[in-house]
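Step one of this worksheet: look at the structure below.
The values are calculated or read from the model by the stated rules, or taken from the named source; none is laboratory data. All values derive from a computational prediction rather than experimental measurement. Counting neighbours? That spans all protein chains shown, and the Cβs are built from the backbone with ideal geometry, glycine included. With ligands, DNA and RNA removed, areas are computed over all heavy atoms of the protein, side chains included. Shrake-Rupley method; radii C 1.70, N 1.55, O 1.52, S 1.80 Å.
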Amino acid sequence: EGNIYIGVVEEARPTCTDGTTERVLNAPRGFLTPGETHFETAKRELAEEAGYQPLEKRIIKLDGKPQNPNSTYFVTGREKGVQMYGVRVQDSEVYTTKDSQDPSEKEFQFNKEAIKPTSRMGERIGGSKFLHWTKAVAQIDMFTVASVARILANHLLTK
């Protein structure tokens, strides 16, 4: 339909210093393990957090320099830092969970056949869903906001 929807997972995250947590929506992400490339990490984290294992050719490295999560305290180097990736999900892999005439109000989820949980972490995180980019960019997680910006920039540059 020409709209961009962003995949997010639901996780319990600390929300204040008293130790309470809140369920929030985040873009899937994770840390490199020793000897692993950024691409391998993206593929593994997507499988762990969302249970989704797409064909490698559908995982796209998003343009832009690696991000530094806190440039005041960390110097990550020219090729290090946070690499952003996107995935092209097929229409046949999702179904509509919230329908609306307004595309920004629609939501989608993976079909059961499209996902295979690979870890206990994925089971604890909760379901993934796809929000219109205008909803995803309004989440509290800065990595999710940055992911949306990179996806939009890449989409506009490849038109």
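Along the three principal axes, how long is the range 1-73 when you take its alpha carbons, biggest first, rounded to the nearest angstrom?
44, 36, 24
Run a plain Debye calculation on the range 80-159 (Cα atoms as equal point scatterers, no solvent) and give log10 I(q)/I(0) at q = 0.17, 0.27 Å⁻¹, rounded to two decimals, same order as the q list.
Per q value, in the given order, log10 I(q)/I(0) is -0.89, -1.36.
222 nm [θ] for the chain, helices only, -39500 (n - 2.57) per DSSP H run of 4+, per residue, to 500?
Working: 4 runs with 39 residues, N = 159.
For the chain, the value works out to -7000 deg cm²/dmol.
Taking chymotrypsin sites (Phe, Trp or Tyr not before Pro) as exposed when DSSP calls them loop (any state but H, G, I, E, B) and at most 12 other Cβ atoms lie within 10 Å, what is the longest stretch of the chain free of them, the sites themselves excluded? If you can, show how the numbers build up before the last one.
Details: sites that count: Phe31, Tyr73, Phe74.
Here the longest run is 75-159.
Do me a favour and compute the ellipsoid semi-axes for the range 82-124 from its Cα gyration tensor, root of five times each eigenvalue, largest one first, whole Å. Don't skip to the answer; put the middle values down first.
Details: eigenvalues 104, 49, 26 Å².
Equivalent ellipsoid of the range 82-124: 23, 16, 12 Å, largest first.
Where does each of Met84, Met142 land when they are ordered by accessible area, with a 1.4 Å probe and the largest first?
Working: Met84 15, Met142 140 Å².
Result of the area sort, largest leading: Met142, Met84.
Over 22 Å between C-alpha atoms is what I'm after, so list which of Lys61/Lys106; Lys80/Lys135; Lys57/Lys106; Lys106/Lys129; Lys43/Lys112 land there. Walk me through the numbers before you get to the answer.
On the way: Lys61/Lys106 26 Å; Lys80/Lys135 29 Å; Lys57/Lys106 27 Å; Lys106/Lys129 11 Å; Lys43/Lys112 19 Å.
Violating the 22 Å limit, Cα to Cα: Lys61/Lys106; Lys80/Lys135; Lys57/Lys106.
For the range 1-62 and the range 80-151, write down the distance between their C-alpha centroids in whole Å.
Rounded to whole Å, the Cα centres lie 9 Å apart.
Using just the Cα positions, wrap the range 1-42 in a convex hull and report its mean projected area in square nanometres, one decimal place.
Numbers: hull surface 20.3 nm².
Convex hull of Cα atoms, orientation-averaged projection: 5.1 nm².
Based on the Kirkwood radius over alpha-carbon pairs, what is the Stokes-Einstein translational diffusion coefficient of the chain at 10 °C with 1.306 mPa s viscosity, in µm²/s? Don't skip to the end; give the middle numbers.
Details: Rh = 16.6 Å.
This corresponds to a translational diffusion coefficient of 95 µm²/s.
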